[in-house]
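Inspection log for the structure reproduced underneath, given as structure tokens.
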Amino acid sequence: MATNTIDAALVQKMFLAGAKNLESKKEWINDLNVFPVPDGDTGTNMTLTIMSAAKEVSAIANPNMENLSKAISSGSLRGARGNSGVILSQLLRGFTKEMKGVSEITVETLALATSRATETAYKAVMKPKEGTILTVAKGISDKAAEIASQTDDIEEAMRIIIEHAEYVLSKTPDMLPVLKEAGVVDSGGQGLVVVLKGMYDALTGKVTDFSITESKPSTEQTVPGSGKGAAVENVDIKFGYCTEFIIMLDKEFDEKTEADFKAFLTSIGDSIVCVALDDIVKVHVHTNHPGQAFEKALEYGQLTKMKVDNMREEHNQKVVAQSELQAAAAKQAMEKNSEAEQKKAEPAKDFGFITIAPGSGIAEIFKGLGVDEVIEGGQTMNPSTEDILNAADKINAKTIYVLPNNSNIILAANQAASIVEDKELIVIPTKTVPQGITAMINFETTRSAKDNGDAMTDSLSTVKSGQLTYAVRDTSIDGKEIKKDNYLGLGDKGLAAVGTDMDETLLEMIESMMSDEAELISVYYGADIEEAAAEAVVSKIEEKFPDVDVELQFGGQPVYYYIVSVE
């Protein structure tokens, strides 16, 4: 029997199934990384992006196309990580723009929505490259448009679209020689196909589990003097119900409204956290009357993710310890909110800075250069769009410069800049840590925001960067044979050196970066390198390049033994 339409309830299940399928195959997708270095992250980034939306989608009790579109678009945009995650979020954003205006999805709707998805994603990338996830997306929308005139059966249409998507994916190595040399298809395109297959399995009834589980860090602690799980005596709980929920706003929630709502919560409880983020408000309160908190919140919009725990019944030590940690987290959040409010009350400064740093030593260097907020991350852990927005929210400045220091974070930074409303975010397209440091050094307080942005961007061409790591598999890149565990020197333009000796490979990489104008070599050693070993290799660098100054600093970065700059 043909399936001609998909209603909102089935769309919800299909999206969750697609997200879960991607999550289950993320490591396989990570392994499709062209460079055989231990930081393959396409699968991880795409999974974190779609799961950010899936958590919101799964919380919708009565789905319709409008609230599903809002959850998918908002959740994926804010949770987007890495270039692949940002492109996936833009595909979902474009698709939902078309989806939210219908009550059911037909083959014709599918064609229009996939076309809009492809168009939106291509516009988000400054220089679209074929042989990537974008090419696969275009293949999907082209086939959807073609099949719309041939059948009304959406199940048949999706099967044909997925078959064509797999065909286009198989051709990506012919479009990007680096894929062919590495013997892999495009990892982002593969991730997109995996999502579609998961959705198709839900449509055909092959998948029936749509639960989304959120992994949380363990809060299990042992109280001194007690065994794990021991009962807690003399626990005096004034307000017995730990109440949490999210308001999906359908009315204005300005500063006065927020203050009034917090005042009401204070009148019925304590341990209050109330955080407004665009069109949602996250609420936590300890109270004896959860119903009153819900009733008041309903004045502002619909409620979701409602949770009430009776703390008086939680006599088990583990549960009590968790409650104490929640209360501490709530207090800490309140203190941070209070500090943020105090900062906002102060006159805004002209300029602020956000940067991403892969190690503690590099973070300290940036702080010493005047950076306000340092986000931990880098090639092995790309921060999300929301991470950057949250950092920007902490800075009371009219103009904030964002230094991604990684090519895989620039799109997420640009996305944050397009979302923020109360200040200007200027993204300096730094692709490496040395470029970020150079950009900060070239900032001058006497220049205008634009002139500084231009000067910082122009300065990036004055520094060459290199990173030393190791190979996780055998492959071939740029005609160079690579064996598992070989040391790899990666320069600004790709593979610069391969070898079996760490120091020799490092020296070869640096030599490829040198020019007659070079005056300074800066070496940042990573978390896995002892200071003595780093000092020894600096001596070798000084011996090989006697006319150039060499500086050594602790970077603390994982995965990369050394990060080097030549200026």
What FRET efficiency would be calculated for the residue pair Glu531, Asp485, taking the C-beta separation as r and a Förster radius of 22 Å, to the nearest 0.05?
-> 0.35
Rounded to the nearest 500, the 222 nm mean residue ellipticity computed for the chain from DSSP H runs (n ≥ 4, each -39500 (n - 2.57)) alone is -15500 deg cm²/dmol
How would you order 425-437, 257-269, 346-358 from highest to lowest mean count of nearby Cβ atoms within 10 Å?
-> 425-437, 346-358, 257-269
Any idea how far apart Glu508 and Glu364 come out in nm if each label point goes 7 Å out from Cα toward Cβ?
-> 3.3 nm
So Lys282 and Ala61, fully extended at 0.36 nm per residue minus their Cα-Cα distance, gain in nm 77.8 nm
Ascending count of other beta-carbon atoms within 10 Å, so fewest first, for Met126, Met158 | Met126, Met158
Ascending count of other beta-carbon atoms within 10 Å, so fewest first, for Met514, Met99, Met381 | Met514, Met381, Met99
Ranked on Cβ counts within 10 Å of their own Cβ, fewest leading, Glu163, Glu23 go Glu163, Glu23
Efficiency by 1/(1 + (r/R0)^6): what FRET value for Asp393 and Asp7, r their Cβ-Cβ distance, R0 = 35 Å, to the nearest 0.05?
-> 0.40
For Ser211 and Glu376, extending 7 Å from Cα along the Cα-Cβ vector and measuring point to point gives, in nm, a value of 3.1 nm
Quick one: work out Rg over Rh on the C-alpha atoms of the chain, Rh as Kirkwood radius.
-> 1.00
Going 7 Å from the Cα of Ser461 toward and past its Cβ, which residues in region 424-455 have a backbone nitrogen under 14 Å from where you end up?
-> 454-455
Taking 0.36 nm per intervening residue step and subtracting the Cα-Cα distance, what contour gain separates Lys251 from Lys305 on full extension?
-> 17.5 nm
Along each principal axis, Cα extent of region 8-203, largest first, Å = 46, 36, 31
Gain on full stretching of the segment that runs from Glu517 to Glu156 - 0.36 nm per residue minus C-alpha separation | 123.7 nm
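A short reminder: the numbers here are calculations on the coordinates, not readings from a lab. On a predicted model such as this, the values are computed, not experimentally measured, just so you know. Cβ coordinates were reconstructed from backbone atoms using ideal geometry, including for glycine residues, and neighbour counts include every protein chain displayed.
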